[in-house]
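In what follows, a structure is listed as structure tokens, so that the remarks can point back to it.
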Amino acid sequence: MATDAETLVRAAYHAAEGNVLDIQGFTELFTEDGCFNFAGGESYCGEHLGDPVLAIAGIMPDVHRELHLVHVIGNVVAIELSIRGTFTGKFQSPAGVIEGTGVKFDIPCADFWYIQNGKIKDFNCHPDNDAMFRQMGVKPDFASAVAASAGAAS
């Protein structure tokens with residue numbers, strides 16, 4: 001049986017699905033000062049709460065989050081999931097735009113939701129960005145980096 005906290009979080013995931021994309025519904029689930037935070041340090045609050053949802057849908061319009069494990073500990077909901085979808089959009093990287101290739105994404109992720117007075121206070125999202133980049137075909141050349149580093153040390 002789902003708790004109120006779990007029901008609230010599942011409603012947020014539903015609103016962010018590619019076939020639903022209800023940004024207003026998503027943001028209304030948050031407290032007035034609620035934030036969507038990424039592991040890398042980016043935070044989206046207030047009128048920008050829906051920005052990451054739109055960005056992800058822009059990369060993979062058919063985005064779906066497959067929830068594997070859901071743990072409710074009081075007002076905290078911890079979830080192990082996969083972000084899945086087809087890379088048909090565009091991804092803006094520091095090196096330029098990466099065009100969609102049609103690859104099917106399966107990105108491991110851990111999410112932590114903090115509930116306060118029946119609304120989402122904070123949503124901390126920890127996607128495996130390395131897996132996403134590998135699936136995009138962006139593969140760093142670690143061997144060259146290590147060789148260059150070793151050469152610089154001599």
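The values are calculated or read from the model by the stated rules, or taken from the named source; none is laboratory data. This is a predicted model, so every value here is computed, not measured. Cβ coordinates were reconstructed from backbone atoms using ideal geometry, including for glycine residues, and neighbour counts include every protein chain displayed.
Quick notes on this structure:
- Any chance Leu54 is under 25 Å from Thr7 (Cα atoms), assigned to a strand (DSSP E or B), at pLDDT 95 or above and among the aliphatic types (A, V, I, L, M): no
- Boolean, Gln116 is without any contact (Cβ under 8 Å) to a residue 60 or more places away in the chain, of a type in the set (S, T, N, Q) and surrounded by 13 or more Cβ atoms within 10 Å (Cβ to Cβ): no
- Enumeration of residues in region 13-37 that are part of a helix (DSSP H, G or I), closer than 17 Å to Asn124 by Cβ and touching a helix residue (DSSP H, G or I) at 6+ places or on another chain (Cβ under 6 Å): Phe26
- Residues in region 75-99 that are more than 23 Å from Leu49 (Cβ to Cβ) and at pLDDT below 95: 7 in all.
- Failed item, numbered, when Val63 is tested on (1) among the aliphatic types (A, V, I, L, M); (2) over 11 Å from the mean Cα position of the chain (by Cα); (3) within 18 Å of Arg10 (Cα to Cα): (2)
- Subset of region 38-51 (residues that are surrounded by 12 or more Cβ atoms within 10 Å (Cβ to Cβ) and not in a loop (DSSP other than H, G, I, E, B)): Phe38, Ser43, Tyr44, Cys45, His48, Asp51
- Per-region count, region 57-66, residues part of a strand (DSSP E or B) and surrounded by 15 or more Cβ atoms within 10 Å (Cβ to Cβ): 2
- When residues of region 119-135 are limited to those that are without any contact (Cβ under 8 Å) to a residue 24 or more places away in the chain and of a type outside the set (Asp, Glu), the one farthest from Leu49 (Cα to Cα): Arg134
- Residue list for region 111-154, filter: aliphatic (A, V, I, L, M) and at pLDDT below 95: Ala131, Met132, Met136, Val138, Ala143, Ala145, Val146, Ala147, Ala148, Ala150, Ala152, Ala153
- Pick from region 82-112, criterion surrounded by 16 or more Cβ atoms within 10 Å (Cβ to Cβ) and among the hydroxyl-bearing types (Ser, Thr, Tyr), ranking: farthest from Val20 (Cα to Cα): Ser82
- Residues within region 12-30 that are surrounded by fewer than 16 Cβ atoms within 10 Å (Cβ to Cβ) and more than 16 Å from Ala57 (Cα to Cα), tallied: 1
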